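Here is the structure we will look at, set down as structure tokens.
Every read-out reported here was derived from the displayed coordinates using simple, explicitly stated rules and does not represent laboratory data. Small disclaimer: the values here were computed from a predicted structure and weren't measured. Neighbour counts are summed over all protein chains in view; Cβ atoms, including those assigned to glycine, are modelled from backbone coordinates with ideal geometry.
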Amino acid sequence: MTPESRGWTAVAELRAAEVLDAMGNSGFRELHDQMVLFFRALALEVGDAITSGKTPPGLPMEIDEVIWYSVAVPREGVFFSYSIYPGERQIRICDLIWITFD
């Protein structure tokens, strides 16, 4: 995130980034691109929720004193967790699971 940016951003941690890369490299480029857009939109939605005092999207769960939100992407076989870092105006995507059906 650049200092002049005022919006929220989504950052994929290493494991999530590897899964996203696998999507794009295995013939699912459209799904990869849709997930990137989904994460960008989610970051903005989370930022709005934090600003307005609402609950962010997803099922909250606490692990090692960090709140993680679990989300399923309907009809895509994608599940992931994210955590929120308001001071950095950022969400971090981890534990990205992608299920393909042959």
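Fully extending the segment from ASN25 to ILE50, taken as 0.36 nm per residue of separation minus the present Cα-Cα distance, adds 5.5 nm. Sites counted here are trypsin sites (Lys or Arg not before Pro) in a DSSP loop (not H, G, I, E or B) having no more than 11 other Cβ atoms within 10 Å; the longest part of the chain that contains none of them is 7-53.
The shape of the chain can be summarised by an equivalent ellipsoid whose semi-axes, obtained from the alpha carbon gyration tensor, come to 24, 16, 12 Å from longest to shortest.
Fewest first, what order do TRP68, TRP8 take by the number of other Cβ atoms within 10 Å? Show your work: numbers first, answer last.
Values: TRP68 19, TRP8 23.
Going from least to most buried by this count: TRP68, TRP8.
Modelled spin-label separation between ASP64 and TYR85, with each label point placed 7 Å from Cα along the Cα-to-Cβ direction: 1.4 nm.
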